[in-house]
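Derivation of every value follows stated rules applied to the coordinates shown; laboratory data play no part. As the structure is a prediction and not an experimental result, all values here were calculated from the model. Quick reminder, even Gly has a Cβ in these numbers, built from the backbone with ideal geometry, and neighbours come from all protein chains shown.
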């Protein structure tokens with residue numbers, strides 16, 4: 001028996017066994033020491049990091065654990081930005097399903113909504129992330145997504161031969177992004193908002209390739225937001241500054257709409273093209289426009305069944 | 001069968017002629033070298049340079065670059081007070097624009113003699129250009145000659161400037177209906193409670209109502225310019 005292992009070559013004699021045991025315990029000890037050192041240095045780097053790795057999904061936690069986590073987040077964000085930041089987890093309201101309407105006969109493509117959204121939802125300034133993308137289309141060609149451009153830059157809008165189609169998350173009833181997520185870090189809430197748990201997202205970006213609307217965006221770095229521009233009133237699933245390496249998207253301004261306010265893009269729109277309301281409420285603007293106007297959804301052939309309706313008011 | 005075996009060497013020679021070993025290698029080599037040169041060139045000179053510097057989307061802007069735009073909309077105090085608590089919804093109309101400039105009109109007009117003659121205004125209000133059916137319409141179709149602080153409906157009823165939507169709604173009935181339901185025009189406040197409307201005149205100048213073109217905010221940054229250094233490379237090239 002010719003083996004290269006020096007311990008096994010001479011058979012089972014007492015002294016050799018002793019050194020073999022010694023090596024094993026040495027290895028175990030070394031391993032333990034390394035693990036301790038690694039965990040110590042990781043824990044030293046960021047207090048919440050290890051805790052975040054070990055815990056379960058946010059929605060499955062008890063109320064006390066949630067409160068603790070929100071508290072820790074608030075402390076961390078307040079420290080990072082040097083001002084008071086609050087993180088809430090306002091639950092959905094009963095009997096509410098949100099719907100959004102956008103009048104493409106009115107939209108002038110001025111992009112006020114794009115920047116109001118960045119301001120409201122703490123999107124990264126550098127590198128830039130925009131949740132809303134306004135597509136310019138030729139009137140002659142109609143809605144032709146492949147020929148549209150988001151980089152138009154004329155002196156004044158609207159241009160006579162163009163119309164504009166702002167696109168953000170469509171909050172689908174059958175969201176492809178939710179279906180593909182391997183870790184269930186994104187799901188539909190009872191009020192119809194598709195949310196992401198940024199602490200649970202592994203950054204695989206499957207949802208980005210599944211989304212037919214290009215509505216999801218990736219944080220390639222720690223989001224770059226000057227502390228004086230931070231919007232301090234945040235929601236856990238919404239506009240809190242996201243960590244590095246996770247996906248983010250429009251949440252219908254979850255921190256505003258769950259408290260009754262209109263989304264920021266609705267209020268900023270200078271032509272009033274954006275409408276928002278409860279689809280289940282007969283008195284709401286959404287039900288009126290869906291009864292009275294010509295309504296369509298984007299890429300209806302994919303059967304994603306969006307809650308975002310485009311319409312022509314006139 | 002024997003004939004088949006005889007023809008075999010002939011076939012072999014044909015295929016040798018078709019692709020002679022050394023020259024095919026040379027052709028492949030040339031193609032390979034030129035492709036790798038192209039790739040190298042595009043790596044060195046490519047990326048940012050593919051987009052014309054005036055094409056838009058080469059520089060990242062943020063909301064802070066537009067201090068003139070009020071991104072945090074301030075609500076009317078009564079809307080803020082009403083909140084979402086009011087199930088019926090409190091609707092407030094924002095203060096008429098006319099109040100900012102001249103109102104009350106009677107400050108001047110009370111002492112002036114009423115001139116019902118249709119004419120070009122020269123002494124005062126000469127900035128008003130009537131482009132709203134100007135052949136069929138003039139001042140006193142909407143303004144009330146006796147009491148200038150009021151507007152006058154077609155049926156003779158006098159209304160305040162804060163109810164001007166009733167005046168506009170006399171002709172623009174379908175738009176008026178949409179506005180009342182919240183489909184036309186901007187609303188601010190609470191989707192399930194108190195909210196404020198704007199008057200027609202907040203967006204449409206009643207004397208020339210077509211919505212005026214506005215300057216768009218800049219486009220998003222193109223993916224190849226996401227890095228801050230990419231913009232510096234463009235600047236260096238110029």
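In this calculation the C-beta distance from residue A:139 to residue B:22 is compared with R0 = 56 Å, giving a FRET efficiency of 0.40.
Rounded to the nearest angstrom and listed largest first, the equivalent-ellipsoid semi-axes of chain A from its Cα gyration tensor are 50, 22, 19. Computed from the C-beta positions of residue B:129 and residue B:177 and an R0 of 30 Å, the FRET efficiency is 0.55 to the nearest 0.05.
For residue B:35 and residue A:222, what does the FRET efficiency come to when R0 = 35 Å and r is the distance between their Cβ atoms, rounded to the nearest 0.05?
According to the calculation, E is roughly 0.35.
Mind pulling the angle between the C-alpha long axis of helix A:14-45 and the longest principal axis of chain A? Nearest 10 degrees, somewhere in 0 to 90. Orientation of helix A:14-45: about 30 degrees from the principal axis. Subtracting the Cα-Cα distance of residue B:110 and residue B:170 from 0.36 nm times their residue separation leaves 18.8 nm of extension gain.
How much length, in nm to one decimal, is gained on full extension between residue A:86 and residue A:202, taken as 0.36 nm per residue of separation minus their Cα-Cα distance?
Working: separation 116, 0.36 × 116 = 41.76 nm, distance 2.44 nm.
The residue A:86-residue A:202 span can extend by a further 39.3 nm.
The antiparallel fraction among DSSP beta bridges confined to chain A stands at about 75%.
Would you mind classifying region A:162-272 by shape? Square roots of the alpha carbon gyration tensor eigenvalues, ordered a ≥ b ≥ c; an a/c under 1.5 is rounded, otherwise it is prolate if a/b is larger than b/c and oblate if not. Note, shape of region A:162-272 comes out rounded. With respect to chain A, whose longest principal axis is taken over its alpha-carbon atoms, helix A:63-81 is tilted by about 80°.
Per residue of chain A, what 222 nm ellipticity follows from adding -39500 (n - 2.57) for every DSSP H run with n ≥ 4, rounded to the nearest 500? All intermediate terms of the calculation are to be shown ahead of the outcome.
Values: 10 runs with 100 residues, N = 314.
That calculation yields -9500 deg cm²/dmol at 222 nm.
Among rounded, prolate and oblate, which fits region A:133-208 when a ≥ b ≥ c are the square roots of the eigenvalues of its C-alpha gyration tensor, a/c under 1.5 means rounded, and a/b larger than b/c means prolate? Because a/c hits 1.5 or more and a/b exceeds b/c, region A:133-208 counts as prolate.
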